[in-house]
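Structure record follows, encoded as structure tokens.
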Amino acid sequence: MNSKRMVAAWMLFSLMLHASDGKDIVWQVSTLDALMTGIYDGEVLLRDAGIHGDFGIGTYQGLNGEMVLVDGRFHQVLADGSVRIPGPETRTPFAAVTFFDQDLKACLEAGMDYPAVQKLADGMIPTLNMIYAIRIRGRFSMVRTRSVPEQARPYKPLAGILKEQPALEHREVEGVMVGFRFPAWFAGIQSPGYHFHFLTRDRDRGGHVLEFKVDKAEMELDVTESFHLALPKQPDFYNADLGGGK
């Protein structure tokens, strides 16, 4: 294991060791590397994941759409951008949830795009080395999204699937973006940087956010001090080549 991986592993262990019973914690199912490899079978039920948060993102059994957990309710954005409410027995192979509690807030100016919002947030946060849950609510002149259809075995790696997915564009729309900013040292565990999923105000359209432009919106950030990782207990994960050897 190289020094960078050793530092990341030590920091992850420290976060888990000091995780409290409080709500200021991100609870995650599986790892990004496992999802990228094609481990899409979930073993965690939504009713169990919901115990750990009222806010979050992820995907569903068989990679069937994008997860948006907002205000304590799970939403499933399907490949065509439509939204349905999944049942509590629905399974997830990959998700990150927390109880959202605003620590920082900023008004977003008209015309701000995704890179500009990231730059603003980076200037607000006390350090780039912590985890932040982020909620953006308001009106957008444009939001570009995508989602993924349900997969069947044998599963293909995620990168190849995403190349085939068309983007959907939403114009002059109100809604909410739910997401996180993970630090660079989380590579392999989560997607470093910013990652958002979108729902319209009516909760009938959405997806993984690729681009957006603000009309009038507000951004809230929740500084999260702890992290818990629930690893899959299944042969696909045990036998996957995730770079660690046997």
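Annotations for the structure displayed:
- S226, S147 arranged by Cβ crowding within 10 Å, fewest neighbours leading: S226, S147
- Residue-averaged [θ]222 nm for the chain, counting only DSSP H segments that reach four residues, each worth -39500 (n - 2.57): -5000 deg cm²/dmol
- Over the chain, relative contact order from alpha-carbon pairs under 8 Å, at least 6 apart, %: 29
- Relative packing of peptides 108-114, 24-30, 66-72 - highest average C-beta neighbours within 10 Å first: 24-30, 66-72, 108-114
- Taking packing as the residue-averaged number of other Cβ atoms within 10 angstrom, the listed peptides 118-124, 160-166 run from highest to lowest as 118-124, 160-166.
- Förster radius 41 Å - calculated FRET efficiency between L45 and M142 (Cβ-Cβ, nearest 0.05): 0.70
- Point-charge dipole on Cβ atoms (K/R +1, D/E -1) for the range 3-235, about Cα centre, debye to 20: 460
- Packing here is the average count of other Cβ atoms within 10 Å per residue, and on that basis the peptides 135-142, 148-155, 86-93, highest first, run 135-142, 86-93, 148-155.
- Multiplying the residue separation of D71 and Y155 by 0.36 nm and subtracting their alpha-carbon distance yields 27.0 nm.
- Volume per residue for the range 3-235 equals 122 cubic angstrom (convex hull of Cα atoms).
- Full-extension gain in nm, M130 to C107, via 0.36 nm per residue minus C-alpha separation: 6.1 nm
Read-outs: derived from the displayed coordinates by stated rules, not from any lab. Computed from a predicted model, the values in this text were never measured in an experiment. Here the Cβ is made from the backbone with ideal geometry for all residues, glycine too, and neighbour counts use every protein chain on show.
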